[in-house]
Amino acid sequence: MKSKLKKANACEANNKRQVKKVTDLTTESSAENITDGERLVEVNNLSAGYAGVAVIRGVNLHVSSGEVVALLGPNGAGKTTTLLTTSGLLKALEGSVTVLGEPSNFSAPHKTARLGLAHVPEDRSLFFGLTVQENLRLGLRGKRSDQNAGYEAALDLLPALRPLMNRRAGLLSGGEQQMLAMARALVSNPKVLLVDEMSLGLAPIIVERLLPIVRDIANETGAGVLIVEQHVHLALEVADRAYVMSHGEIVLEGSAEELMQRQDLLEASYLGGEIDEETS
């Protein structure tokens, strides 16, 4: 068992390195023809992990157009694994993932990306030797007219990047790098946006400025956004709904407003305590 877990840890580290290879696998389609409230992502009874060892079990969640959904929970709860499997970067052990009406392609994640999904990984996966403009152009897909529209739309949502176009990504601040990672995903006009730990390594005051951008993206583009975030209260302020994970399972779900009013349930889930379903 120890050797199997050791192999699983090695696979997890390798899998995170593989995320860099797909950050430019953004969609060729635009956010057109999205119906308000349409379910864009459906995860059913999902189990996934590394080297055959399940890290998440029986996960059920969905994301609809124009909404922000927060995936919360303590470190090691399985949030990143859930995002990786949803985007097709990690193969499911059991269950299913549907993106824009199509089964997620675990053997060819770029095909899932082309459906209209963009994934911003927790390490941002920028090319530090390239300029802001060059990083953004890596995310462009489709017709030139669509590229130009996506490029301008991304910069309209993140205007602080405009004066930095010729600066190398490695010279940006942490907050600027996160904005660049978001913008690179947005230039492809995604219908579904997955964002993993956008606040990682950032000062709280910077996080307070960045998280509302997620709300703006959903409102202005109609995309469905699924975010993994450690700043629980800030995430709930911009989210419509939330799921809370603990030990690889969804232990709590509800509207953001409901969860903000039930601090006892949130604390219990983060501390590993039992949650009384009758009170939730």
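The values are calculated or read from the model by the stated rules, or taken from the named source; none is laboratory data. If you're wondering where the values come from, they're calculated on a predicted model, not measured in any experiment. Positions of Cβ are generated from backbone atoms using ideal geometry, with glycine treated the same way; all protein chains shown enter the neighbour counts.
The helices (runs of 4 or more DSSP H) located wholly in the range 128-230 that include 2 or more residues which are under 29 Å from ARG39 (Cα atoms), without any contact (Cβ under 8 Å) to a residue 40 or more places away in the chain and not hydrophobic (A, V, I, L, M, F, W, C) occupy 144-157, 204-221.
Do we find that SER280 is at pLDDT below 85 and crowded, with 21+ Cβ neighbours inside 10 Å in this structure? The answer is no for SER280. Quick check on GLU253: is it modelled with pLDDT under 90, of a type in the set (D, E, K, R), surrounded by fewer than 19 Cβ atoms within 10 Å (Cβ to Cβ) and closer than 23 Å to VAL55 by Cα? No, not satisfied.
When GLY58 is tested against (1) farther than 24 Å from VAL251 by Cα; (2) touching a residue at least 24 places away in the same chain (Cβ under 8 Å), exactly one condition is not met: (1). Comparison of GLU122, GLU134 shows that the only residue that is surrounded by fewer than 16 Cβ atoms within 10 Å (Cβ to Cβ), of a type in the set (D, E, K, R) and closer than 29 Å to GLU152 by Cα is GLU134. Note on the range 1-73: no enclosed strands (runs of 3 or more DSSP E) hold 3 or more residues that are at pLDDT 95 or above and at positive phi.
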